[in-house]
Each structure stands twice: as C-alpha cells, then as structure tokens.
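The values are calculated or read from the model by the stated rules, or taken from the named source; none is laboratory data. Keep in mind that what you see is a predicted model, and the values were worked out from it rather than measured. Using ideal geometry, Cβ is built from the backbone for each residue, glycine included, and neighbour counts are taken over all protein chains shown. The accessibility values were calculated without ligands, DNA or RNA, using every heavy atom of the protein model including side chains. Shrake-Rupley method; radii C 1.70, N 1.55, O 1.52, S 1.80 Å.
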Amino acid sequence: MKKLVSLPSNSGNEHEIADFLAKFLSKLKFDVETISVTGCGPTVLARYVFTDEEPCLLLYGHIDTVEPCKGWSYPPFKPTVIGRRLYGLGSGDMKG
C-alpha cells in the first residue's frame, strides 16, 4: 500500500503509522488496541471477531523501518511504481 510507504516509521518512531493502521483496521470492523511500549514505538493489536464456528486468523508483523540512508534511486518516502514494482522505504518488507 502506497500510504504505508509514505509514512516515516523508523524504529521507535512508529506513532503515525500505528495511528493510521488502527484507524484503517477499525473501519474494517476489527477490534483495535494501541499498546504503548517503553523505549519503542506503539504496538497495534487488532482482532476480528468471528462466530464460535469459524476459525481464527492471526497476522503478525512489524511496522518499523530502518533510517533512510543516502544512495536511494527514488525518494524513500515517495512511493514510486515502475512496471509492477513499488519502490520506497519498507516496500520490500512489511509495508509492501
């Protein structure tokens, strides 16, 4: 998702992306909780309640990235699509 790549979220500074994800998942009817973690950025816990007969689904990942460094061919926080590829910080990781 291009919006995720456009949000800076280096380790310890994930507040903006956590807020975005919490709002996005809430709109999809997930029960969302944002948990503060001392010395780190926030964690987003989202649950989707099924009926007792349906299986559960757990998706687990991280929302932080490394600091951008010099040498990028494309701006790290400006999602760029060329052909079928998305370029930007985190696009080859969980943000992709």
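Does region 24-31 include one or more residues that are closer than 18 Å to Lys95 by Cα and at pLDDT 90 or above?
Taking region 24-31 first, the residues closer than 18 Å to Lys95 by Cα are 24-25.
From what's left, at pLDDT 90 or above: 24-25.
For region 24-31, residues closer than 18 Å to Lys95 by Cα and at pLDDT 90 or above: present.
Please pick out the residue among Val44, Val37, Val5 that is farther than 17 Å from Lys95 by Cα and of a type outside the set (Ser, Thr, Tyr).
Numbers: Val44 fails: farther than 17 Å from Lys95 by Cα; Val5 fails: farther than 17 Å from Lys95 by Cα.
Sole residue among the options that is farther than 17 Å from Lys95 by Cα and of a type outside the set (Ser, Thr, Tyr): Val37.
Summed over region 32-50, residues that are outside any strand (DSSP E or B) and open to solvent by 70 Å² or more (accessible area, probe 1.4 Å) total 7. Within region 35-52, residues that are among the aromatic types (Phe, Trp, Tyr) reach partners that are open to solvent by 80 Å² or more (accessible area, probe 1.4 Å) and at pLDDT below 85 with beta carbons closer than 9 Å, at six or more positions or on different chains, in the pairs Tyr48/Cys56; Tyr48/Leu57; Phe50/Cys56; Phe50/Leu57.
The condition (being open to solvent by 90 Å² or more (accessible area, probe 1.4 Å), outside any loop (DSSP other than H, G, I, E, B) and of a type outside the set (Asp, Glu)) is satisfied by just one residue among Lys29, Lys78, Lys3: Lys3. The set of residues from region 65-75 being surrounded by 10 or more Cβ atoms within 10 Å (Cβ to Cβ) and in a loop (DSSP other than H, G, I, E, B) comprises Val66, Glu67, Pro68, Trp72, Tyr74, Pro75.
What about Gly88, is it surrounded by 10 or more Cβ atoms within 10 Å (Cβ to Cβ), touching a Lys or Arg at 6+ places or on another chain (Cβ under 8 Å) and among the small types (Gly, Ala, Ser)? Please lay out each step first, then the result.
Working: surrounded by 10 or more Cβ atoms within 10 Å (Cβ to Cβ): yes; touching a Lys or Arg at 6+ places or on another chain (Cβ under 8 Å): yes; among the small types (Gly, Ala, Ser): yes.
So Gly88 fits the description; yes.
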